[in-house]
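Derivation of every value follows stated rules applied to the coordinates shown; laboratory data play no part. Since we're looking at a predicted model, the values are computed, not measured. All Cβ positions, glycine included, derive from the backbone under ideal geometry; neighbour counts span all protein chains shown.
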Amino acid sequence: MKHPFFKRLLFVFAMLALVAFCVQLNDVAKPQLVNTQGRTFERATVTEIVRDNLQENGSRIGDQIVQLRLEDGTTVEANCPNGLLFGTVCEPGMQVIVMASRAGELTSCTVYSYDRSKAVFGFILFFCLLLAVVGGRKGVKSVLALALTFACFLFFFFPLLLHGVAPIVAAVVTACLVLSMTVWLICGTTRKALAAGLASLGGVVAAGLSAELFGQAAHLSGYNVTNIESLLFVAQNTKIDVGGLLFAGILFASLGAVLDIAMDVSAAVTELHAANPQKDRKALFMSGMHVGQDVMGTMAATLILAVFGGSLGAWVIDYVYDLPLLQLLNSNGLDIVLMQGLSGGIGVILTVPFAASASSWLLLRKGA
């Protein structure tokens, strides 16, 4: 009885220590990109269209002038831009987000966008409920694991960057933390969980190293990304090494697929060992390899298709303008996409032997 109690007590102390460390870690100063003094974002309801921008031919030119009722009951007049990134087409009764800029007694209001809060939170809630209903108890644990994963990014990884820790180092440490919590929540403290965790760590490190080697061979770096101007401003005002963010991002992008295939192989080897304890280590390893070979192709395709879908707009532009192959193969954008997809795929492929060997070794250890 004492053994489980002390294990739980140790876990509680570890969590408390982690929370205390994160509280201290988040004591950082963040630079202001723009002067936001006096600027707030508030919810509002459109009560009247004072001046519309609808033309006789059905097009919209210029901005709308609308009357809004803020959440505190105040009525204000606001400008609504006619843009694709900001503003919207207002109608009476519509819920919008208004940007209010106050300077002394003067207040200027602009419609920022349609209020999408209900849609965003509604779909997040639907996703979590669906995962819990279909997955049962493990689905609930998966929801908790996802919440803890995003908490790790927000309260652990980003503050580490602001403290000057190299992005790839911070990514590896964060990945270890995410893997440990995810595997523990879903599988508990079992040998299957340990094998999946070790194999996943090996896979994501392999993906990160592959990206680093690809970048050196192709002379690519984190300074070749599209939003480098904004990142350089951040680098000038913080301790963040923006050049390493690209490779840290590749490591995180492969984390989910790598964990998935590691868990598949580890679970299969564990079940085979339970069904036939007489199988030796080599037979278990080969069985794990056979299972991994069946799924690694689809997982690698999943990663590459996800990268392709994320940059679909750029692919369409390249196709429509029929750019020369030599130009495409030497463009920073395309090469970075290829590096992300191929490095993640390499991590997935190498996870299979990692998981098969770790599972077969752990299950046949003395005292198993």
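The figures follow:
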quantity: Region 106-258: C-alpha gyration tensor shape, a/c 1.5 cut-off, then a/b vs b/c; calculated: oblate
quantity: Packing-based order for 129-140, 202-213, 339-350, using average beta carbon neighbours within 10 Å, highest first; calculated: 339-350, 202-213, 129-140
quantity: Kirkwood hydrodynamic radius (C-alpha pairs) into Stokes-Einstein, region 40-115, 10 °C and 1.306 mPa s, D in µm²/s; calculated: 128 µm²/s
quantity: Under the span-like rule (Cα at least 30 Å along the axis, Kyte-Doolittle mean at least 0.0), DSSP H helices of the chain; calculated: 2-25, 191-218, 245-275, 281-310, 332-363
quantity: From the coordinates shown, semi-axes √(5λ) of the Cα gyration tensor in Å corresponds to which of [x] 33, 30, 23; [y] 46, 22, 20; [z] 46, 27, 22; calculated: [z]
quantity: Gain on full stretching of the segment that runs from Phe127 to Gln95 - 0.36 nm per residue minus C-alpha separation; calculated: 9.1 nm
